[in-house]
Amino acid sequence: MNTNTKAHMRNAERNTGIDVGKYFLDICIYELGLHWQVENHAVGIKQLLIKLNRYKLTRIVVEATGGYERLVAQGKNKKVALTACMRKMMTILNTMVRNNQEWQMN
């Protein structure tokens, strides 16, 4: 069975990866062959959210940052640590978008 037909690709999972850098976010939707960058500040994040809303995404994976390794080293369950980091990151990003703020490295 050929699973690379256009009909299959329209209905298949869409896995999105976001690599977080100091100045840019690199986004890739693997199944659609899409890759682009946005600036890592409030305006860039707003543009990203608008663009991602166009696609029926199954999963968004963001680089594991924000203390994951530290939490695991302290004995936290890996799923608990990952959930804590993702929650922290989403809270920060939502606040930045709401307040039209740029990322502050400190």
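Relative to the Cα centre, the charge distribution of the stretch 6-99, modelled as +1 at Lys and Arg Cβ and -1 at Asp and Glu Cβ, gives a dipole magnitude of about 380 debye.
If you wrap a convex hull around the C-alpha atoms of the stretch 6-99 and split its volume per residue, what is the figure in Å³?
Once divided by residue count, the hull of the stretch 6-99 is 103 Å³.
Looking at the stretch 6-99 alone, DSSP beta bridges between its own residues are antiparallel in about 75 percent of cases.
Listed by Cβ neighbour count within 10 Å, with the fewest neighbours leading, ILE29, ILE18 appear as ILE18, ILE29.
Read-outs throughout are calculated quantities, based only on the coordinates presented, and are distinct from any laboratory measurement. Computed from a predicted model, the values in this text were never measured in an experiment. When we count neighbours, we look across all protein chains shown, and the Cβ atoms used for this are built from the backbone with ideal geometry, even at glycine.
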